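Engineer: The structure is given below, and queries will be raised subsequently.
The values are calculated or read from the model by the stated rules, or taken from the named source; none is laboratory data. This is a predicted model, so every value here is computed, not measured. In this analysis, Cβ positions are derived from the backbone assuming ideal geometry, glycine residues included, and neighbour counts consider all displayed protein chains.
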Amino acid sequence: MVRLIFLGPPGAGKGTQAQTVAQLYHIPHISTGDILRSAVAEKTELGLKAQTYMEAGELVPDQLILDLVEARLNQADTKTGWILDGFPRTVDQATFLESLLAGLQQTCDYVVNFEVPDEVLVSRLLGRGRTDDTEEVIRNRLEVYHEQTAPLIGFYQERKQLVSVDGDQPIELINQQLSNLTQQKP
Ligand code: AMP
């Protein structure tokens, strides 16, 4: 049983690592970005509301995300643990998550902060070729990260939950560090 939050800028490798760790522990990998992309593809009400923000590299309004995460964390498969990837992204989202988890009588074991220099992120994201990965949108997503999401580093440091990982290393090394971390869970 492990509950993790993966924090970090776009292109830091959170999704790749989350997939591996989720398989290892048989727990759901909850990526708000993936959920939103499926909603856009399926043209659901949520997808239609979220699409323009995503295409511009802006954050989708908090209320849409909070409803989505609340519904997801109330599903039965989350009882054995979870990895949140790409949520929370604002201090308001983090505060909401704290009270949501308190209500579920759950606590997050670690918040893993993936550290990668901006220049590395830009070249990684340009190589990824997703529709929201044009250079202009990438620069905006990084700016949004520094303004709205990076304050969460201090938020979780104060709560003594933050663990930083150097995300500019080979995938296997990072994976090793994450499995060491989760095995020595408090
Ligand atoms: P990601 O795949 O995590 O990079 O997310 C892709 C896009 O979905 C982001 O650029 C945002 O527009 C939106 N998104 C994903 N997660 C969130 C979130 N927690 N809060 C607001 N917007 C989000």
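Engineer: Restricting the stretch 39-56 to residues that are touching a residue at least 12 places away in the same chain (Cβ under 8 Å) and not charged (D, E, K, R), which is nearest to the ligand (Cβ to nearest atom)?
Structural biologist: MET54
Engineer: Among the residues in the stretch 84-91, are any at pLDDT 95 or above and either more than 14 Å from the chain's Cα centre (by Cα) or of a type in the set (Asp, Glu) (or both)? Reasoning before the result, please.
Structural biologist: From the stretch 84-91, those at pLDDT 95 or above are 84-91; that's our starting set.
Next cut, either more than 14 Å from the chain's Cα centre (by Cα) or of a type in the set (Asp, Glu) (or both) only: 85.
Yes, there is a match, as at least one residue in the stretch 84-91 is at pLDDT 95 or above and either more than 14 Å from the chain's Cα centre (by Cα) or of a type in the set (Asp, Glu) (or both).
Engineer: Taking interchain pairs and intrachain pairs at least six residues apart, which have beta carbon atoms under 6 angstrom, with the first residue in the stretch 1-26 and over 12 Å from LEU84 (Cα atoms) and within 15 Å of the ligand (Cβ to nearest atom) and the second among the aliphatic types (A, V, I, L, M) and modelled with pLDDT under 95?
Structural biologist: GLY11/LEU125
Engineer: Oh, and also: Going by the structure shown, is PHE114 out of contact with any His (no Cβ under 6 Å at 6 or more places or on another chain), among the aromatic types (Phe, Trp, Tyr) and either under 14 Å from THR149 (Cβ atoms) or modelled with pLDDT under 95 (or both)?
Structural biologist: yes
Engineer: Got a sec? Which helices (runs of 4 or more DSSP H) wholly within the stretch 13-127 have at least 3 residues that are in contact with a Phe, Trp or Tyr (Cβ under 8 Å, 6 or more places away or on another chain) and within 22 Å of GLN177 (Cα to Cα)?
Structural biologist: 14-25
Engineer: Going through the stretch 57-87 one residue at a time, which ones are aliphatic (A, V, I, L, M), within 12 Å of the ligand (Cβ to nearest atom) and either surrounded by fewer than 14 Cβ atoms within 10 Å (Cβ to Cβ) or farther than 22 Å from THR131 by Cβ (or both)?
Structural biologist: The answer is LEU66, VAL69, LEU84.
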